[in-house]
Amino acid sequence: MGYETNGEGKKYRLADFFDTHWDKYMESPTEYVKPEQLKAVNAMRVCRTAVLGVDVYACPECGDITHKYHSCKNRFCPTCSWQDTVRWAEKIKGQMLGIKHRHIVCTLPHSLHPLMKRNEKLLFSALMRSSAGTFQDWFEHKYRIQIGVILVMHSFGEQKEYHPHTHMIVSWGGIHQKTGKLIAVKDEYVNYKFLQKKFRCKFEDEMIKMNDLGQLEHDFVDRPQFMEFVKSINQNDWILHLEPAMDTVEEVIRYIARYSKRACISEHKITNIAGEYLTFRYKDYRDRDENKKAREKELELHYREFFPRLLQHVPAAYFRIVRYYGLYSGKGNIPEEYRNGQTEKPTPKWDETQEQKTGENPLTCKYCNTRKEYIHTLLDIRTKGERTKGIVIYAKMLKIKRKEAA
């Protein structure tokens with residue numbers, strides 16, 4: 001079923017928590033539930049159930065049956081998003097330059113959050129362009145080279161609060177504009193204050209232009225009042241965080257997998273589900289140990305607080321949270337000899353993946369050692385109450401029989 005386990009080996013499914021409390025929450029939701037949020041919840045709740053379909057395989061010799069449940073493939077689903085990320089990371093590494101890369105995070109001031117919430121599609125896109133453009137321009141003017149950027153938009157912090165920021169994998173070098181040769185930049189030093197200001201100016205220029213065109217939704221009376229707001233956010237921190245350069249493709253891919261298409265909460269971080277409360281682990285970067293590592297803490301939330309906190313991070317319909325710039329864009333042209341040289345591995349089939357996890361191939365009959373054959377696909381269109389009614393009755397009968405046997 002694709003469970004993730006927490007550190008203690010216990011298994012908690014986010015879908016189970018939604019199944020238990022979602023219908024009750026929807027009777028009087030804390031915040032307005034958008035169509036894409038409702039779609040994400042519904043998809044996650046029926047993921048890997050007969051509602052989406054179950055393929056039936058049977059052994060031609062003895063008739064032993066195996067069921068393969070379909071997945072929802074929604075990018076908000078913890079299980080599906082992780083599997084999608086693994087496949088995507090494997091595919092993208094063959095298209096990257098064979099040089100060092102750096103992980104860079106660009107973060108907006110908190111005072112911009114209300115405006116961002118009301119104009120997410122426009123301002124998220126502006127944030128992504130400004131983040132990538134800051135480093136593209138810097139490399140172009142300082143080294144006369146074109147770089148490659150893979151960028152991921154995140155709207156959440158460690159406690160799943162609203163916290164828009166971008167994660168970028170930036171090639172620390174690129175192709176020279178005149179010679180066409182691959183140049184690796186050995187110096188990791190950057191003028192932090194210069195890049196910080198450049199990032200701020202790029203984003204503000206786009207935001208002001210959108211306001212002048214009447215594209216932004218806000219409560220400012222006129223342009224002077226809006227410009228006063230822009231002036232006020234200049235006093236806040238526009239944070240850039242640059243990790244040390246990564247030497248190997250494996251390191252780069254590990255970072256890509258961690259910060260790319262995954263859902264905003266992983267099920268292995270859920271440490272407890274008890275009644276109406278869910279508890280998950282998070283890192284507190286304001287509280288560090290003697291090795292300067294963020295301490296892990298736990299946060300317990302009631303479902304009426306947890307649901308809206310989590311659902312605010314469901315991406316808007318058709319919004320691309322992963323984008324490519326420079327040499328890694330569709331317009332980029334990287335000669336084959338400059339790529340890292342690693343070829344894409346074929347995507348493993350479902351039964352091969354299960355065999356890697358369990359040591360047994362579900363499509364090989366354990367009695368006859370014969371390959372099972374596809375029979376048909378079943379769809380269960382009953383409501384959840386109808387689907388579980390028979391299970392509840394069977395459980396009660398089993399409980400009675402156990403008491404009689406005792």
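Some observations on this one:
- Scan region 26-49 for residues that are surrounded by 15 or more Cβ atoms within 10 Å (Cβ to Cβ) and part of a helix (DSSP H, G or I) and the total you get is 10.
- Reported count of residues in region 184-204, each being open to solvent by 50 Å² or more (accessible area, probe 1.4 Å), touching a Lys or Arg at 6+ places or on another chain (Cβ under 9 Å) and touching a residue at least 12 places away in the same chain (Cβ under 8 Å), is 3.
- Residues satisfying the stated conditions in region 50-74, i.e. in contact with a Cys (Cβ under 8 Å, 6 or more places away or on another chain), over 27 Å from Cys264 (Cα atoms) and open to solvent by less than 50 Å² (accessible area, probe 1.4 Å): Cys59, Asp64
- Sole exception among (1) assigned to a strand (DSSP E or B); (2) touching a residue at least 24 places away in the same chain (Cβ under 8 Å); (3) among the charged types (D, E, K, R) for Arg304, by number: (1)
- Considering each residue of region 80-88 in turn, none proves to be at pLDDT 90 or above and open to solvent by 40 Å² or more (accessible area, probe 1.4 Å).
- Failed criterion for Asn74 (all others in (1) under 30 Å from Leu14 (Cβ atoms); (2) in contact (Cβ under 8 Å) with a residue 40 or more places away in the chain hold): (2)
- None of Lys331, Lys403 is at pLDDT below 75, more than 30 Å from Asn272 (Cα to Cα), outside any helix (DSSP H, G or I) and open to solvent by 80 Å² or more (accessible area, probe 1.4 Å) except Lys331.
- Any hit, region 121-136, residues being modelled with pLDDT under 95, open to solvent by less than 20 Å² (accessible area, probe 1.4 Å) and β-branched (Val, Ile, Thr): no
- Met227 vs. criteria hydrophobic (A, V, I, L, M, F, W, C) and over 26 Å from the mean Cα position of the chain (by Cα): yes
- Of the strands (runs of 3 or more DSSP E) lying entirely inside region 176-290, the ones with 3 or more residues being among the hydrophobic types (A, V, I, L, M, F, W, C) and touching a strand residue (DSSP E or B) at 6+ places or on another chain (Cβ under 7 Å) are found at 182-184, 239-242.
- A single entry from Gly180, Gly148, Gly174 fulfils the requirement of being farther than 28 Å from Phe319 by Cα and surrounded by 21 or more Cβ atoms within 10 Å (Cβ to Cβ): Gly174.
- Going through (1) within 15 Å of the chain's Cα centre (by Cα); (2) open to solvent by 80 Å² or more (accessible area, probe 1.4 Å); (3) of a type outside the set (D, E, K, R) one by one, Asn291 falls short only on (1).
The values are calculated or read from the model by the stated rules, or taken from the named source; none is laboratory data. The shown structure was predicted, so the numbers you read here are calculated from the model rather than taken from an experiment. All Cβ positions, even for glycine, are placed from backbone atoms using ideal geometry, and neighbour counts span all protein chains on display. The accessibility values were calculated without ligands, DNA or RNA, using every heavy atom of the protein model including side chains. Shrake-Rupley method; radii C 1.70, N 1.55, O 1.52, S 1.80 Å.
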